[in-house]
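J.: I have a structure I would like to understand better, so I am pasting it below and will then ask my questions one at a time.
The values are calculated or read from the model by the stated rules, or taken from the named source; none is laboratory data. Just so it is clear, the model here is predicted, and its values are computed rather than measured. Every residue, glycine as well, gets a Cβ built from its backbone with ideal geometry; the counts of neighbours run over all protein chains shown.
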Amino acid sequence: MITEQEWAIIQLSLQVAGLSVLISLPAGLFVAYCLARWEFTGKSFIDAFVHLPLVLPPVVVGYALLVVFGQQGVLGHWLEAHWGWVVAFRWTGAAIASAVMSFPLMVRAMRLSIESIDQRLEAAAKTLGAGVLGVWFTVTLPLALPGIITGVVLAFARSLGEFGATITFVSNIPGETQTLPLAIYSLWQVPGAEPAAFRLCILSLLVSFAALWFSQVFVSQAQRRVRGQDAISER
Amino acid sequence: MLSVNVEHRLGAFHVKAQFECGGGVSALFGRSGSGKTSLINMIAGLMKPESGSIRFNGETLFDAKRGIHVAPGARQFGYVFQEGRLFPHLNVQQNLEYALWFQKRKVQSSHQNTLIELLDLGLLLKRRVGHLSGGERQRVALGRALMAQPRLLLLDEPLAALDEPKRLEILRYLQTLRKEMKLPMIYVSHAVDEVLRLADQVVLISAGQVLASGEVEAVMGGALTGLGEKVFEGGAVIQGVVQAIDPSDGLATVTFDGGQLTLVGHNFCVADTLRVRIRAREVALSLTQPENVSIQNILQGRIERLEHQGQTHVLVSVAVGTVLIRSRITVRAMRQLQLQSGMTVFALIKAVSLDR
């Protein structure tokens, strides 16, 4: 039903999106927490900067990544010299591009959920002996969980659909950087390959929908927990 | 022994308070917005005063000059908040055990079992917090604060968010805890009856300042200072022992140094010690022993003092035995009876007007 080639494309797409989320999750959580809780000068600047990928043309982001992470780029050169890592024109580079593009969505969702936490609960935890880390892991993190899951899934789904920055940064190499949208685009260029492109479109829709649906189940369960209700039975 | 001497500015509001609390229950009493919650948060370590110091049993918890500020968790105080503040993502048992997760010292399981029994929490343990009633929530909050055997229990209006039946229920639990656990408590409240029932000492707070502090009878009676009038309706507070109960009429007889009082209520036992509050405006005076009146309490005494309150009122202090009872009457009534200090009068108090 699904050809081997199609499987390979789907696998690569999931792999890229998965790594992209792994890269952006710690940073996203940290930035979301800072923006939600801290007041500092330049906060609005950081806020605007985080949201840039949402409004910039993806090509510009891809070009910027090429300048920074390319083999001649500042960071790219350093990574290769010290760690032997090359990300330009590799699937890892596609993951970095997706991570950057999906970062604002992730931070937004997490920030909102951290802002909605009743800080008086954290004060209560402090009086019961919890330190900074204790409060974070036993109160803040569990209560922010629905927002964190939402952020992760949004970023994951956004990564599955990433096109502009990816094709600019790591090009369109079958088996290395050719994710679902890039494969669809390539097939569209070939005369008579529309049916194959259409099949990939349907697959893309199914994968994205499955991701969102899973997250809905998780999120509603986590929300019920956070509201202090039973996860299984609702009253 | 807790000694507090702090100063803090919150916008236009200025807290400047110095007081000491010994063992037993000390009430921080005052209207809402008087700075009580700020003070208890400073004691808990949740709020850092600008200057001053806080000491507990000789240990410095806060000292602005020396830069000492012990973290809330390290103070080993339990804190019960007005709104409970139970963790919604944990069930009742996990809420109760929360403090134990961070304890280095061992807490005996017998202590846990005693607490669960005292607060009737056994049936709630597996419940999720969202399904608890207001009264159940506060019971769990009490248990949670006490689980790690704190050195001091702080309570910030724990009954204020409850309706009347629930309030009385939790008040009974608090009285039990007070009796069973030998634990000093700081109890923030604006309800006179809670202070009368629970407290051993009281610190009267108004606009961030300590107006008076000391024994409940003295401070709540507004006896020595008259300052209490600014915060709540003054009068006298008498401590007595239940002598007899008449269940058919629903009345109790209480003896105190100076006589007997009859009051409404039968939900206590003979030999119970309790405090009775006599509002000054509920006390009438008579020069002769009246007959054929409905008033149940007629106490003979001697006028100690007459204090004018504005143009129209006079506060008369009448010594009955060793106790001072206060009566607020009009200036005209004083003139008509030609009241003077040293005179013998009868204080008339309706049984239904007595609060406990």
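J.: Taking the options A:SER204, A:SER171, A:SER159, name whichever one is within 30 Å of A:CYS34 (Cβ to Cβ) and within 24 Å of the chain's Cα centre (by Cα).
T.: A:SER159
J.: Hey, among B:ILE68, B:ILE43, B:ILE54, which residue is more than 10 Å from chain A (Cβ to nearest Cβ), modelled with pLDDT of 90 or more and loosely packed, with under 15 Cβ neighbours inside 10 Å?
T.: Result of the check over B:ILE68, B:ILE43, B:ILE54: B:ILE68.
J.: Among the residues of the stretch B:101-112, write down those that are assigned to a helix (DSSP H, G or I) and either farther than 20 Å from B:ARG139 by Cβ or at pLDDT 90 or above (or both).
T.: B:TRP101, B:PHE102
J.: Here's another thing I want to ask about it. Of the residues that sit in the stretch B:137-191 and are assigned to a helix (DSSP H, G or I) and basic (Lys, Arg), which one is surrounded by the most Cβ atoms within 10 Å (Cβ to Cβ)?
T.: B:ARG144
J.: Across the stretch A:20-46, what is the total count of residues that are of a type outside the set (Lys, Arg), over 15 Å from A:ALA109 (Cβ atoms) and assigned to a helix (DSSP H, G or I)?
T.: Summing the residues that are of a type outside the set (Lys, Arg), over 15 Å from A:ALA109 (Cβ atoms) and assigned to a helix (DSSP H, G or I) in the stretch A:20-46 gives 8.
Residue-wise test of (1) in contact with a Ser or Thr (Cβ under 6 Å, 6 or more places away or on another chain); (2) part of a strand (DSSP E or B); (3) closer than 30 Å to B:GLU194 by Cα.
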| position | (1), (2), (3) |
| --- | --- |
| B:ARG275 | no, yes, yes |
| B:ARG281 | no, no, yes |
| B:LEU285 | yes, yes, yes |
| B:GLN289 | no, no, no |
| B:SER294 | no, no, yes |
| B:LEU299 | no, yes, yes |
| B:ARG302 | yes, yes, no |
| B:GLU307 | no, yes, yes |
| B:VAL314 | no, yes, yes |
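J.: Same structure again: Out of everything in the stretch B:113-136 that is part of a helix (DSSP H, G or I) and either of a type in the set (A, V, I, L, M) or buried (at least 22 other Cβ atoms within 10 Å of the Cβ) (or both), what residue ends up being nearest to the other protein chains (Cβ to nearest Cβ)?
T.: B:VAL129
J.: While we're here: Only one of these is part of a helix (DSSP H, G or I) and within 14 Å of chain B (Cβ to nearest Cβ): A:ALA109, A:ALA95, A:ALA64, A:ALA125. Name it.
T.: A:ALA125
J.: On to the next question. Considering only helices (runs of 4 or more DSSP H) fully contained in the stretch A:130-196, which possess at least 1 residues that are without any contact (Cβ under 8 Å) to a residue 24 or more places away in the chain and either within 14 Å of chain B (Cβ to nearest Cβ) or not polar (S, T, N, Q) (or both)?
T.: The qualifying helices (runs of 4 or more DSSP H) are A:132-135, A:141-160, A:180-189.
J.: Scan the stretch B:103-110 and give yes if some residue there is out of contact with any Pro (no Cβ under 8 Å at 6 or more places or on another chain), buried (at least 18 other Cβ atoms within 10 Å of the Cβ) and more than 10 Å from every other protein chain (Cβ to nearest Cβ), otherwise no.
T.: no
J.: In the stretch A:65-99, what count of residues is obtained for those that are surrounded by fewer than 23 Cβ atoms within 10 Å (Cβ to Cβ) and either of a type in the set (A, V, I, L, M) or in contact (Cβ under 8 Å) with a residue 40 or more places away in the chain (or both)?
T.: Matching residues across the stretch A:65-99 total 13.
J.: Right, here's the next one. Take the stretch B:72-98 and flag every residue that is more than 24 Å from the chain's Cα centre (by Cα) and either more than 25 Å from A:LEU143 (Cβ to Cβ) or at the interface with another protein chain (Cβ under 7 Å from one of its Cβ atoms) (or both).
T.: Those that are more than 24 Å from the chain's Cα centre (by Cα) and either more than 25 Å from A:LEU143 (Cβ to Cβ) or at the interface with another protein chain (Cβ under 7 Å from one of its Cβ atoms) (or both): B:PRO72, B:GLY73, B:PHE87, B:PRO88, B:HIS89, B:TYR98.
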